[in-house]
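**Student:** First, the structure itself, so that you have it in front of you.
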Amino acid sequence: MKVTVIGAGTMGRGIAQVFAQAGNDVILTDVYPKALENAAGEILKSLGKLHSKGVIQDSPETVQKRIIFTGDLSQGKNSEIYIEAVLERFEVKSDLYKKLNDLAGDDSIIASNTSSISINALSSVIRKPENFIGLHFFNPVPIMKLVEIIKGERTDPNVVKKSLDIVKQLGKVPVTSNDFPGFISNRILMPLIREAILTLEEGVSTKEDIDQTLKLGMNHPMGPLELADFIGLDVVQDIMKVLYEEFGNSRFMPPITLRNLVNARKLGRKSGEGFYKY
Ligand code: 3HC
């Protein structure tokens, strides 16, 4: 199957990798050459780890060769599926979809990896909205088993069925959600992270003990503050803003501490500091 992934950031490169691991021909494209260069290095590193543990049989180089890294989106012509993993901004995504409308065939699926933007809203700029769907992967994509499949009002049931098959072909486990703000995952995760931040703000305990409680008391692999740093505090804030705006409910309101950290560009792991220092 020919697959085009647009956006070579953390999510896009992970998605390209898992499609290549499953034997597909992948075009990974980005407007920034540096992002493509980084993606090639990170994918090879990740494949090396998985190969050394026997998770994948093919050599990292063999899998890597299935991916074409290119700035030229037109190389993705006639892909069976396009997966968009660009910036979480409606205008950025819709500008890209206008280009995909010319490139995609009548039966091509166009999927967005959006974590919180409405699939119905995004589908309004797609030439064939019945072929549009949400495929929400989780970071780190090569490790996390889940893919959330989001059905829009106009998504063809056949496209849902094909997407379920594609996700299973990747060795992942799909869950399906209707198009509600935050779908299943972020609707539940964001209030957890928010409450952990408020627990810290109100002086109930230290960040270490808040995280330890969820790790050892509830068997979460990371505590909520550590997880927020891992996701990126700007990303967390953006998702909370969408949920707060769309539900109009204070249980999603971004806390002041989060706002202050983001404004100070303390964005978590990627910037070297967030709730913790790295
Ligand atoms: N590729 C290959 N292997 C990887 C990898 C990658 N990208 N990332 C981690 N690994 C491997 C490591 O090499 C390590 O292997 P080892 O056990 O053989 O040494 C193993 O995974 C575990 O990694 P670490 O030892 O570095 O650390 P952890 O044991 O803490 O595991 C983790 C790391 C898998 C990230 C784990 O902490 C975890 O599951 N954390 C929660 C992640 C999570 O919740 N993600 C979802 C975020 S929400 C999201 O993405 C949605 C969005 O909309 C917000």
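**Student:** Hey, if you drop one equal point scatterer on each alpha-carbon of the chain and run the Debye formula without solvent, what base-10 log of I(q)/I(0) do you get at q = 0.15 Å⁻¹?
**Tutor:** -1.18
**Student:** Enumerate the lysines that K266 could reach by cross-link, defined here as Cα to Cα under 28 Å, with residues fewer than 8 away along the same chain left out.
**Tutor:** Reachable lysines: K34, K45, K93, K207, K215, K241, K277.
**Student:** Over 20 Å between C-alpha atoms is what I'm after, so list which of K49/K172; K2/K99; K65/K145; K2/K168 land there.
**Tutor:** K65/K145
**Student:** Now for a separate question. Using amide H atoms built in the peptide plane, which far-off residues or other-chain residues are under 5 Å from G152 H to H?
**Tutor:** G134
**Student:** With just the Cα atoms defining each centre, how far is segment 168-191 from segment 1-63? Give it in Å.
**Tutor:** Centre-to-centre distance over Cα atoms comes out at 23 Å.
**Student:** Mind giving me the FRET efficiency for T176 and F90? R0 is 25 Å, r the Cβ-Cβ distance, nearest 0.05 is fine.
**Tutor:** 0.60
**Student:** Which percentage, to the nearest 5, of the DSSP beta bridges contained in the chain is antiparallel?
**Tutor:** Details: 6 of 32 bridges.
Percentage antiparallel, nearest 5: 20.
**Student:** Gain in length, N219 to K161, computed as 0.36 nm per residue apart minus the alpha-carbon separation, to one decimal in nm?
**Tutor:** Result for the pair: 17.6 nm of gain on full extension.
**Student:** List the relative contact order of the chain as a percent without decimals, with contacts defined as Cα pairs under 8 Å and 6+ residues apart.
**Tutor:** 13
**Student:** Please list the helices of the chain that count as membrane-span-like by this rule: a mean Kyte-Doolittle hydropathy of at least -0.5 together with Cα atoms stretching 15 Å or more along the helix axis, each helix being a complete DSSP H run.
**Tutor:** Qualifying helices, which must be both long enough and hydrophobic enough, are 10-21, 33-52, 157-169, 185-201, 233-247.
**Student:** Search the structure for amide H atoms under 5 Å from the amide H of V147, placed 1.01 Å from N in the peptide plane, and list their residues when 5 or more places away or on another chain.
**Tutor:** V173, V175
**Student:** Ok, one more. Long-range amide H contacts for S79: which residues qualify at under 5 Å (H placed 1.01 Å from N, peptide plane, sequence gap of 5 or more or a different chain)?
**Tutor:** Placed amide hydrogens put G105 under 5 Å from S79.
**Student:** Can you tell me the length gained on complete extension of the stretch E130 to L198, counting 0.36 nm per residue apart and subtracting the Cα distance?
**Tutor:** On the way: separation 68, 0.36 × 68 = 24.48 nm, distance 4.12 nm.
Stretched out fully, the E130 to L198 stretch lengthens by 20.4 nm.
**Student:** Among S79, S59, S94, which one shows the highest mean-square fluctuation when the chain is modelled as a Gaussian network with alpha-carbon springs under 10 Å?
**Tutor:** Looking only at S79, S59, S94, the largest GNM fluctuation is found for S59.
**Student:** Percent of alpha carbon pairs in segment 22-125 separated by more than 19 Å?
**Tutor:** 52
**Student:** Could you rank the peptides 63-73, 255-265 by their average count of other C-beta atoms within 10 Å per residue, with the highest value first? Could you put the intermediate results ahead of the total?
**Tutor:** Working: 63-73: 17.0, 255-265: 15.2.
Averaged packing, sorted descending, gives the order 63-73, 255-265.
**Student:** Let me ask another. Pulled fully out, how much extra length does the chain show between D58 and R265, if you take 0.36 nm times their separation in residues and subtract their Cα-Cα distance?
**Tutor:** Here the segment from D58 to R265 would lengthen by 70.5 nm.
**Student:** Which residues does a label at F247 reach in segment 104-147, if reach means a backbone N under 14 Å from a point 7 Å past the Cα toward the Cβ?
**Tutor:** Only 116 pass the distance filter.
**Student:** I would also like to ask the following. With the chain treated as a Gaussian network of Cα nodes joined by springs under 10 Å, which of R13, R194, R251 yields the largest mean-square fluctuation?
**Tutor:** Checking each option, the largest mean-square fluctuation is seen for R251.
**Student:** Sticking with this structure for a sec: Roughly what would the spin-label model give for L44 and I184, points 7 Å off Cα along C-beta, in nm?
**Tutor:** 3.8
**Student:** Label point 7 Å out from K145 along Cα-to-Cβ: which residues of segment 29-72 have amide N under 11 Å?
**Tutor:** none
**Student:** Counting only GluC sites (Glu not before Pro) that are in a DSSP loop and have at most 14 other C-beta atoms within 10 Å, tell me the longest site-free stretch of the chain.
**Tutor:** Between the exposed loop sites, the longest stretch runs 1-152.
**Student:** How large is the helix-only mean residue ellipticity at 222 nm for the chain, computed as the sum of -39500 (n - 2.57) over DSSP H runs with n ≥ 4, divided by its residue count, in deg cm²/dmol to the nearest 500? Before the final figure, lay out the partial values.
**Tutor:** Values: 11 runs with 129 residues, N = 278.
Value at 222 nm, helices only, nearest 500: -14500 deg cm²/dmol.
**Student:** A further question on this structure: For the chain, set up a Gaussian network in which alpha carbons nearer than 10 Å are linked by springs, and say which option among A104, A16, A121 fluctuates the most.
**Tutor:** A121
**Student:** To one decimal place, what Kirkwood hydrodynamic radius in Å is obtained for segment 54-182 from all pairs of distinct Cα atoms?
**Tutor:** Hydrodynamic radius (Kirkwood, Cα only) of segment 54-182 equals 15.4 Å.
Values quoted throughout were computed directly from the atomic coordinates according to the rules given, and no laboratory measurement underlies them. Here the structure is a predicted model, which means the values were calculated and not measured. So basically every Cβ, Gly included, is an ideal-geometry build from the backbone, and we count neighbours across all protein chains shown.
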